[in-house]
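The values are calculated or read from the model by the stated rules, or taken from the named source; none is laboratory data. Since this is a predicted model, take the numbers as computed values, not measurements. Counting neighbours? That spans all protein chains shown, and the Cβs are built from the backbone with ideal geometry, glycine included. Please note that ligands, DNA and RNA were not included when accessible areas were found on the heavy atoms of the full protein model with its side chains. Shrake-Rupley method; radii C 1.70, N 1.55, O 1.52, S 1.80 Å.
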Amino acid sequence: MTKIAFFGLGTMGGPMARVLRQAGFGLTGMDVSADIRNSFEDAIEPSEAVLAQADVIVTMLPEGKHVTQLHETLVHKSAKPGALLIDCSTIDVDTARDLAFKAEALGLAMIDAPVSGGPAGAAAGTLSFMVGGADDAFDRARPVLNAMGSKITHFGEPGTGQAAKASHNMICGITAMAVMEGFALADAMGLDLEKFYALCAGAAAQSWTLENRCPIPGVVPDAPASNNFDPGFAVRLMAKDLRLAQAAAATSGQPTPFGAEAAKAFSAFAEASGDRDFSAFYTTLRALPAQTQD
Ligand code: NAD
């Protein structure tokens, strides 16, 4: 039986680890937080002994600095020769690439495999994975990824999974601003917003964000706007992903002016309302002072 050491049992990692267990993997769940450990059956503190026995080491941690620290303090020292590292966290492209090359130099294999799909997709085993890494590492990772996801795309060399995630999430962030601003304008002009939603949903303005994050309470019953803007996808996570996209834009040299605006707007909004759903941005837009005409 393939032994998996799983680090990070939070919002996403907890349900992902459960799905792997249900699929029959011999999984040990580990987290630094006592509260989180209490929420996951048999979870333990990060353990060198467990890590040393694992065939596969999965990480689902907040940021690149957490993945780097875990690799430097535990994984590089204690992982068994040939072990496969699968990092599912959303981190910057440069760190993902760096860690993969270091792992390879130590006789380990590593893929970056960030996800889209949120906690519901994690619990249902229907996440989308964006993967970067060598072909043989990807082939070895397939059974683990297949258990957790329904759409798995291998983009190529190390870091390309994170590159795809940054680009994908920048589209989501810019689209979110467009949807919120469109509704703010329609509301300011007194339109019936239910009719406006129905129009957009069947016309060129249609998007995932429109259908799942319409910011008008009651128009889409399951949307966060209809539930006090509880996330969903928290503003602080949106801001983090947009900052990662800006880091990728800087490294690649590609100007992304709309992405930069979205990163700025959501970062400012996150300082006041980080734990609300990102669609709550609409309420901030509507509260801005009216423009004056020259
Ligand atoms: P989270 O904060 O809920 O969980 C992260 C967990 O990692 C925490 O429980 C924390 O205690 C633990 N942790 C930190 N350092 C650790 C270490 N050294 N060893 C073991 N455990 C450690 O975060 P999340 O929402 O589950 O997100 C995880 C990653 O997935 C992030 O990179 C996030 O951007 C990405 N992501 C999140 C979502 C979402 O909807 N929440 C969707 C897609 C991707």
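Stokes-Einstein diffusion coefficient for segment 6-130 at 10 °C in a medium of 1.306 mPa s, Rh from the Kirkwood formula over Cα pairs: what value in µm²/s?
Result for D is 110 µm²/s.
Which order do peptides 210-216, 80-86 fall in by mean Cβ count within 10 Å, highest first?
Going by the mean number of other Cβ atoms within 10 Å, highest first, we get 210-216, 80-86.
Can you pull the percent of segment 37-173's accessible area that's carbon plus sulfur, 1.4 Å probe, other chains left in place?
Its accessible area is 52 percent carbon and sulfur atoms.
Let me know the charge dipole size of segment 163-287 about its Cα centre in debye, to the nearest 20, where only the beta-carbon of Lys, Arg (+1) and Asp, Glu (-1) is charged.
That gives a dipole near 380 debye.
Which value at 222 nm does the chain reach when only helices count, each DSSP H run of 4 or more adding -39,500 (n - 2.57), with the total divided by all residues and rounded to the nearest 500 deg cm²/dmol?
Mean residue ellipticity at 222 nm (helix-derived): -15500 deg cm²/dmol.
What share of Cα pairs, in percent, lie more than 16 angstrom apart in segment 31-87?
45 percent
Report, to two decimal places, the Cα Rg of segment 239-279 normalised by 2.2 N^0.38 Å (N = number of residues).
1.20
Tell me, what is the 1.4 Å probe accessible area of Thr175, in Å² to the nearest 10?
About 40 Å², rounded to the nearest 10.
If you only keep lysine pairs separated by 8 or more in sequence, or across chains, how many in segment 3-157 come under 25 Å at the Cα atoms?
Taking segment 3-157 as the scope, the lysine pair count is 9.
Check cross-link reach from Lys195 to the aspartates and glutamates: straight Cα distance under 16 Å, and skip same-chain residues fewer than eight apart.
By straight Cα distance, Lys195 reaches Asp187, Glu211.
If you restrict to DSSP beta bridges whose two residues both lie in segment 97-161, what percentage is antiparallel, to the nearest 5?
35 percent
Taking θ as phi - 60°, what are the ³J(HN,Hα) couplings along segment 277-294 by the Karplus curve (6.51, -1.76, 1.60), each to the nearest whole Hz, with x for Gly and Pro?
Each residue's phi maps through the Karplus curve to give 5, 4, 5, 5, 3, 3, 5, 5, 4, 5, 8, 5, x, 4, 6, 9, 8, 6 Hz.
I'd like the Karplus ³J(HN,Hα) series for segment 10-19: coefficients 6.51, -1.76, 1.60, θ = phi - 60°, whole numbers in Hz, and an x wherever there's a Gly or Pro.
Once θ is set to phi - 60°, the couplings for segment 10-19 become x, 3, 9, x, x, x, 5, 5, 4, 4 Hz.
For segment 167-242, what relative contact order do you get, as a whole percent, if you take Cα pairs closer than 8 Å and at least 6 residues apart?
27 percent
Quote the relative contact order of the chain in percent (integer), defining contacts as alpha-carbon pairs under 8 Å separated by 6+ residues.
13 percent
What whole-number distance in Å separates the alpha-carbon centres of segment 143-165 and segment 231-248?
A separation of 19 Å, based on Cα centres.
Equivalent-ellipsoid semi-axes (√(5λ), Cα gyration tensor) for segment 60-174, whole Å, largest first?
Calculated on Cα positions only, the semi-axes equal 22, 16, 13 Å.
Please check: in the Gaussian network model of the chain (C-alpha springs, under 10 Å), which one of Gly13, Gly232, Gly26 has the largest mean-square fluctuation.
Gly26
Which one, Val235, Cys172, Ala34, projects farthest toward the positive side of the charge dipole computed for the chain from Cβ point charges (K/R +1, D/E -1)?
Of the listed residues, the answer is Ala34.
Please list log₁₀ I(q)/I(0) at q = 0.12, 0.17 Å⁻¹ for segment 163-287, using the Debye equation with identical point scatterers on the alpha-carbon positions.
-0.43, -0.83
Taking only protein heavy atoms into account and a 1.4 Å probe, give the accessible area per residue of the chain in Å².
48 Å²
Could you give the semi-axes, largest first, of the ellipsoid that matches the chain, computed as the square roots of 5 times the alpha carbon gyration tensor eigenvalues and rounded to whole Å?
The answer is 38, 20, 17 Å, longest axis first.
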